[in-house]
Amino acid sequence: MINTINHSLHYNYNNSKGNKEEKKPIEEIKIKKHNSQKRIIKKDLDENKENKNTENIKKEIKKKRERKKSMENKDNNESKDIKEVKEVKELKDTKDSKETKKENKDNNTNSKEKKTTKKIILEDIFSTEEENLKIKYFDTSNITNVQIPKDYLNVIYYNLLVEEKKGINPMPDHTYMTRQTEINEKMRSILVDWLIDVHFKFGFTDETLFMTVSIIDRYLSLAQISRTNFQLLGITALMIACKHEEIDLPKIDDFIYITDNAYKKEEVIKMEFDVLSKLNFAFLYPSPIKFFEYLSLHFNFDKKQHMMGKYLMESFLLDIKNAKYKPSIISCACTYIVMKFFKLKNYQESYSKKFYVLDETKEKYSEHNIKECAKDICLFVDNINKTNYQACVKKYSKPEQENVAVLIMNN
C-alpha cells in the first residue's frame, strides 16, 4: 500500500514535475503566439496603414490628376475662350476695318458724289447761262499763281452778279438828299473824305471803306438825320463795317476818340441799333472793289493799273452819284478808264455785257451806262484838286500806291 501510495505519489509527483516542466514551453509558446499575433496584428495594422496610406496617396494622386485635368480643362476652356475672344476681336477688327474701309469708301464716294453734285450744280448753272447768254467770264488756263482759286473764279463772279441782281436791301437812292433837311451833298463829301483818311490811318481793308459808305447811303435813303449826328452816323457805319471785315477790331472808345470825344458810348450804341434796325441787318453787298479785282485779273493789269482803278473808285465815293450806279457798272467803268488811259487795245471788252448783265432781255443796262458812269468818274476826278477833299489824293500820291494820283493830274 505504502509502496503503491509512494509509487502513486511518485508518479503524481513526477507527473507534476512533468507538468511543471511542460508548462514552461506552453507559456513560451503562448508568449510566442502572442508576440506573433502582435506581430501579425502589427503587420496587419502596418499593412492597413500602408493600404490606407496607399489609398490616401492614390486618392491624392487621383485628386491631383483630377485637379490637373480640371486645370487643363479650364486652361483649355480659357484658351478656347481666349481663342474665341481673339477670333471675335479679329472678326470685329476685320469687320470694323471693312466697315471703316466701307465708310471711307462711302465717305470718298459721298465726297466724290458731293463734289460731282457741286460740279453738276455748277455745270447746271453755267449750262443754263451758256444756253441763255453763252457767257464764259474768264479764261483761267493761263493762271499760274497758286493763291488764286482759278477753278472758282467764274463761279464767284457769277454769284456776285446774282447777289447784285437780287438787289441791295434796301437799295440806296441817289436822290435822298432832296429829302434831307439839315445835311447836303457837300457835307456828305466832307464826311466821306474824313472817313477815307481815318480808314487809311487805321489800315483797314478796302471792303471796309466801301461797305461804310454804302451803309451811310442806304440809311439816309430811309431816314433823316440831324447835322449834329451826321458824324456819329459815319463812325457807327465804320464800326459796323469793321465788325464784319476786320480781324483786329478797334474799341468803341477808339471811334469816339477820333471824333475828339464829341459823342458818348451810349449814343454810339443807340445809333448802331437804329442803323441795323432800319437796314433790317442787311448791310452786306457786292462792292465795286470785288468786281474790279476779278476784272483786273482777267485783263492782266499790273500794279500801277490796278492802283489807278482803286483810286478812281475811292474818289468816286465822294460823289453822291456813286449811289446811282450798280457796283458792277462802276467797276467796268473804272476798268474802261484805266484801259483807255494806258492805251490797251482790247479796251472795248471792258464794257462787254457779260461782266454786268445776267439776262439781256430783262436788263436795262448797256454800253451807254458804262460810258456815262465813266464820264461822271472822270469829271469828278479831274476837278478834285479844286475841292478840299484831298484825303484820297494824298493816299494815292505815295510810292506804295505807285503815285497814280500824281500821274492822273499830270495828264
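Results, tabulated for the structure shown:
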quantity	calculated
Accessible area per residue, Å², the range 207-365 with all protein chains present, probe 1.4 Å	44
Charge dipole magnitude, Cβ of K and R +1, D and E -1 - the range 258-359, Cα centre, debye nearest 20	480
The range 349-411 versus the range 156-219: alpha-carbon centroid distance in Å	16
Dipole magnitude (debye, nearest 20) for the range 145-214, charges at Cβ of Lys, Arg, Asp, Glu	80
The range 211-331: relative contact order in percent, alpha carbon pairs under 8 Å with at least 6 residues between	28
Listed pairs Lys201/Lys354; Lys150/Lys201; Lys310/Lys345; Lys270/Lys394; Lys136/Lys398; Lys186/Lys395 exceeding 28 Å between Cα atoms	Lys201/Lys354; Lys150/Lys201; Lys270/Lys394; Lys136/Lys398
Residue among Ile252, Gly234, Tyr176 farthest towards the positive dipole end of the range 175-295, charges placed on Cβ	Tyr176
The range 152-253: C-alpha gyration tensor shape, a/c 1.5 cut-off, then a/b vs b/c	oblate
Under-5 Å amide H pairs with Phe204, H placed in peptide plane, nonlocal only	none
J(HN,Hα) series, the range 366-371, from Karplus relation 6.51 cos²θ - 1.76 cosθ + 1.60, nearest Hz, glycine and proline x	8, 4, 4, 5, 5, 5
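The values are calculated or read from the model by the stated rules, or taken from the named source; none is laboratory data. Being a predicted model, the structure only gives us computed values, none of them experimental. Neighbour counts run over all protein chains shown; Cβ positions are idealised from the backbone, glycine included. Quick note on the areas: whole protein, heavy atoms, side chains included, nothing else; ligands and nucleic acids left out. Shrake-Rupley method; radii C 1.70, N 1.55, O 1.52, S 1.80 Å.
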